[in-house]
Amino acid sequence: MAVAILFGVLGALLVIGVPVAFSLLGAALATVLYIGMPTMVVALQTAAGAGSASLIAIPLFIFAGELMLRGGISDRLISFAASLVGRLRGGLGQVNVLSSLFFGGVSGSAIADVSAVGGTMIPQMVNRGYSRDFAVNVSISAALVALLVPPSHNLILFSASAGGSISIADLFAAGIVPALLMTVALMFTVRMIAARSGYGSEGFPGFAEVARRLVSALPGLLLVALIFIGIRAGVFTAIESASIAVCYALLVTGLLYRKLSRAVFMHAVTGAARTASLILFVIASAASFGWLLAYLQVPGAAVEALTSIADSKIVILLLLVAILLVLGTFMDLAPLIIICTPVFLPVAKAFGVDPVHFGIVLIMTAGIGLITPPVGSVLFVGAAIGKIGVTQALRSIWPFYLACLGVLLLVVLFPQLSLWLPYALKH
Amino acid sequence: MTATAATLPHVGVTQRVAERAATWALLLAAVALVGIAAVQSWQVFARYVLNDSPSWTEPVAILLMNTVMMFGAACGVHREAHFGFFIGVHATPRPVRMTLLAVSRLVQVGVGALLALWGMKLTLETWDFPIAGVALPQGASYLPIALGGALIALLSLELLLRAPDVAVPE
């Protein structure tokens, strides 16, 4: 009965429009009252959830991403990507995808990526005769790559939601091959659609120009290397790495690119504070909910229930992916990670799924939810930048959607795709 | 003629005060975020350059993180920026929507008030105990929860009491 109250109240509050964080606290409070525990339990769990040191990296990475987003790095990365792949069929579409891989590595945020790369590329693509919905769909699907490459704060969020027991360095390494696969799949999709729609290519600027643009974009690309190598080699902790990323972003955008005016800095810091606070508030609110899940032995019951349906690791993983895809359609990325990890991770582990592999599958699946209506925050941002309605964007999203699902399926079926690199770097 | 914020001066004043409070809350969260970056950067400098890792940086960063979280969340209440599933509510007829929004805001008032009460209780109960590694009372860590919770309750209450024509989006 207590479990029914926990999930029933949560579902009811969400449906009537109560924000996720308040719904989680409301559900936990109702359950604690039903069980007869003192309500102070909820307070203590919430305070503990807000007091976890491992979370400090999240606001810092978001801050660094905001500085990079507004500080001029995206233009240089796009210019470098254009010199590399602009000559391929569907040139500006290819540039859009590759730029997202580069900028995703700098910002770690799909919203930041679609704002920075889409904001620049969509108008250019439309001016060059690409349809608006094509330009929007390339941008929003490519933005999902940002969720998988360092310094994706979503991977840190997953690690924190799993109780901090999963190595952030392993997660960062595990996301790289799936991110590259998704980039290749999307570039292939762009090429196919471009051939059918008659979209052309850009000229090759010459090797000297490629080198010049590489030098210009190098400070941004170096940040990814700095974060990744620093954490992987055990030189920095994730928190130290995040603070270094902020200092580096300030130096590059302020001193090197000279784009960091007072107004730009204020926009970056208030934007980051707003985003970080909303995510942290959900994390703190979910702490008492997660504690009740464990207290009521929900993960154990979920394992038992799923064992009765299937006994194969792959079938269970596919089942979890199907559930996450449905939930991702309605729920935003951060709440989905925070709520689902404590329930689904024990199930995955019970069936022998590697937690790092599961983390990458979870982020990829939840990321696809970001471009799915009715919530799909990245879909909405992309459609707004492209000045089209969501319905128009959905007309031609399917090839991109299928490409993302195809890569997700590959990663589910072949865990080595995510686990090989962390293993290779360790040994 | 339907009353709006413009035709009800007292409502306008309340809204203006709430807007000002939300802006200051966000600015405080932003300052705290810069503080976290500064504290953690010092931690890196001290550890790698001075070879003397300070113990006070982590508790101070957590205190600042709580400040970012609670004051940013309070601003998010006023700006209605929190994560949620609102599409169902917006699809309902206007009278139903008004009722659901009122219930949602009432829940937020309640949760904010509870956070304020719990936060204050924890603050007072632990004020006399120092945080390990830094000359700060443990209660200071809970103070942002108390103050932010109170602000969440007040800003949600302002939304709840605001004239329906202004408060209910079409």
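The values are calculated or read from the model by the stated rules, or taken from the named source; none is laboratory data. Just so you know, these numbers come straight off a predicted model, no measurement behind them. We place every Cβ from the backbone using ideal geometry, glycine too, and count neighbours over all the protein chains shown. What goes into the accessible areas is simple: the full protein's heavy atoms, side chains included, and nothing from ligands, DNA or RNA. Shrake-Rupley method; radii C 1.70, N 1.55, O 1.52, S 1.80 Å.
Summary of computed values
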quantity	calculated
Hey, B:MET120 surrounded by 14 or more Cβ atoms within 10 Å (Cβ to Cβ) and farther than 26 Å from A:GLY17 by Cα or not	yes
Helices (runs of 4 or more DSSP H) lying entirely in the stretch A:210-325 (those with 2 or more residues that are surrounded by 23 or more Cβ atoms within 10 Å (Cβ to Cβ) and within 14 Å of chain B (Cβ to nearest Cβ))	A:238-251, A:262-295
Evaluation of B:VAL89 against (1) within 30 Å of A:LEU333 (Cα to Cα); (2) surrounded by fewer than 16 Cβ atoms within 10 Å (Cβ to Cβ) (one fails), failing number	(2)
Complete set of residues in the stretch A:262-276 that are among the small types (Gly, Ala, Ser) and in contact (Cβ under 8 Å) with a residue 40 or more places away in the chain	A:ALA268, A:GLY271, A:ALA272, A:ALA273, A:ALA276
Residue within the stretch B:107-116 that is within 24 Å of A:SER277 (Cα to Cα) and open to solvent by 70 Å² or more (accessible area, probe 1.4 Å) present	no
Check on A:LEU29, closer than 20 Å to B:LEU117 by Cβ, among the aliphatic types (A, V, I, L, M) and within 31 Å of the chain's Cα centre (by Cα)	yes
Criterion (modelled with pLDDT of 90 or more, touching a helix residue (DSSP H, G or I) at 6+ places or on another chain (Cβ under 7 Å) and under 30 Å from A:ALA238 (Cα atoms)) met by exactly one of B:ALA73, B:ALA113	B:ALA73
Helices (runs of 4 or more DSSP H) wholly inside the stretch A:74-169 containing at least 3 residues that are of a type in the set (Ser, Thr, Tyr)	A:91-107
Listing of helices (runs of 4 or more DSSP H) fully contained in the stretch A:346-425 that carry 3 or more residues being open to solvent by less than 20 Å² (accessible area, probe 1.4 Å) and not hydrophobic (A, V, I, L, M, F, W, C)	A:355-369
Yes/no for B:ALA61 being more than 8 Å from chain A (Cβ to nearest Cβ), surrounded by 16 or more Cβ atoms within 10 Å (Cβ to Cβ) and among the aliphatic types (A, V, I, L, M)	no
Output for the stretch B:70-109, where each listed residue is more than 8 Å from chain A (Cβ to nearest Cβ) and of a type in the set (Gly, Ala, Ser)	B:ALA74, B:ALA91, B:ALA102
Residues within the stretch B:143-152 that are buried (at least 24 other Cβ atoms within 10 Å of the Cβ) and more than 11 Å from B:LEU64 (Cα to Cα), tallied	5
Hits in the stretch B:20-52 - residues which are open to solvent by less than 30 Å² (accessible area, probe 1.4 Å), more than 7 Å from every other protein chain (Cβ to nearest Cβ) and of a type in the set (Val, Ile, Thr)	B:VAL39
A:GLY254 being touching a Leu at 6+ places or on another chain (Cβ under 7 Å) and of a type outside the set (S, T, N, Q)	yes
Residues of the stretch A:9-59 classified as among the hydroxyl-bearing types (Ser, Thr, Tyr) and more than 10 Å from chain B (Cβ to nearest Cβ), total	3
Meets criteria (more than 10 Å from chain B (Cβ to nearest Cβ), farther than 20 Å from B:GLY76 by Cβ and crowded, with 23+ Cβ neighbours inside 10 Å) for A:LEU6	yes
Within the stretch B:38-135, helices (runs of 4 or more DSSP H) holding 2 or more residues that are within 14 Å of the chain's Cα centre (by Cα) and under 30 Å from A:TYR248 (Cα atoms)	B:57-78
Residues satisfying the stated conditions in the stretch A:239-265, i.e. more than 23 Å from the chain's Cα centre (by Cα) and among the β-branched types (Val, Ile, Thr)	A:VAL252, A:THR253, A:VAL264
A:ILE122 being modelled with pLDDT of 85 or more, farther than 18 Å from A:ALA185 by Cα and surrounded by 24 or more Cβ atoms within 10 Å (Cβ to Cβ)	yes
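Let's see how each residue does on (1) of a type in the set (Phe, Trp, Tyr); (2) within 25 Å of A:LEU25 (Cα to Cα); (3) without any contact (Cβ under 8 Å) to a residue 12 or more places away in the chain:
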position	(1), (2), (3)
B:ALA25	no, yes, no
B:VAL44	no, no, yes
B:ALA81	no, yes, yes
B:ARG97	no, yes, no
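For every residue, the table says whether it meets (1) touching a Phe, Trp or Tyr at 6+ places or on another chain (Cβ under 6 Å); (2) surrounded by fewer than 24 Cβ atoms within 10 Å (Cβ to Cβ).
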residue: A:SER79; (1), (2): no, yes
residue: A:VAL85; (1), (2): no, yes
residue: A:GLY90; (1), (2): yes, no
residue: A:VAL97; (1), (2): no, no
residue: A:SER100; (1), (2): no, no
residue: A:SER109; (1), (2): no, no
